[in-house]
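Just below is one structure, and these are the notes that go with it.
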Amino acid sequence: MSTSRPALRRASLAVTSLAAVPMLAFGSWYAASPRLTLNAMQGAALSGDVGGFSDHVDYPALRQSLKSELRARITAEADAAPRNSLKALGLAMAIGFVDPLVDNSISPEAVGLVIASFGQGNPLAGSPALESLSLLATPDLSIRREGLDRFHVTVAGSANAPELLFQRDDWRWRLSGVDLDPLAPAPVPAA
């Protein structure tokens, strides 16, 4: 009976050790995967690999996020404009251009143009959506986690820079949104 206890302890220790290996592997992946994703995206961008970059982007979710962000910005500015002014009229009309603008500017082809400009050290200017992607060309990025399934990326040390939002998709991270003004209240998504 006394000889079976050490054998039982060794077997228990072996089972516990085997159970700890997957947990340790998941913890290591979870800790390192956001930085690895950013490195892969930056490498793809700098080498002009649009397909490699696009593998890390959820285009439908990114488009919806940008539409909500732009609508919220335009609505806030329209609310602040004097009633019956040309500015209020122009902003009211601008709301109608948000969807086609985002749909046309957030595509693998348009992102390819931004990526091509990364290699020249001259990120493409134009829409706020495309300009926000240029922060991936910045070497000093800061990662802030939000639970197990999301993380935010911004330029380190910048309080009001746009944030890129990443969502976990099974075992990989995908760019799924942009917060153009992280200090403002979150916009309510359109129905």
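The values are calculated or read from the model by the stated rules, or taken from the named source; none is laboratory data. Only a predicted model underlies this, so the values are computations on that prediction, with no experimental measurement involved. Every residue, glycine among them, receives a Cβ derived from its backbone with ideal geometry; neighbour counts consider all protein chains shown. The protein model used for the area step is the full one, side chains on, heavy atoms only, and it has no ligands, DNA or RNA in it. Shrake-Rupley method; radii C 1.70, N 1.55, O 1.52, S 1.80 Å.
Taking amide H atoms as placed 1.01 Å from N in the peptide plane, the amide H of VAL57 lies under 5 Å from those of LEU175, each 5 or more residues away in sequence or on another chain. For LEU18, the solvent-accessible surface with a 1.4 Å probe is about 130 Å², rounded to the nearest 10. Taking the charge dipole of region 59-111 about its Cα centre, with +1 at Lys and Arg Cβ atoms and -1 at Asp and Glu Cβ atoms, the residue from THR75, PRO100, PRO60 reaching farthest to the positive side is THR75. Normalised per residue, the accessible area of region 26-110 is 54 Å², obtained with a 1.4 Å probe and no contribution from ligands, DNA or RNA. Full extension of the chain between ALA11 and LEU101 gives 26.1 nm of extra length, using 0.36 nm per residue less the Cα-Cα distance. Rg/Rh, computed from the Cα trace of region 28-69 with Rh as the Kirkwood radius, has the value 1.08. Given their separation in residues at 0.36 nm each and the Cα-Cα distance between them, ARG172 and GLU77 gain 30.5 nm when the chain is fully extended. Sorting ARG71, ARG5 by accessible area puts them as ARG5, ARG71; the probe is 1.4 Å, largest comes first, and only protein heavy atoms count. Sorting SER142, SER54 by accessible area puts them as SER142, SER54; the probe is 1.4 Å, largest comes first, and only protein heavy atoms count. Computed on region 58-112, with alpha-carbon pairs under 8 angstrom and 6+ residues apart, the relative contact order is 42 percent. Among 86-93, 6-13, 74-81, 35-42, the peptide with the highest mean count of other Cβ atoms within 10 Å heads the list, and the full ranking is 35-42, 74-81, 86-93, 6-13.
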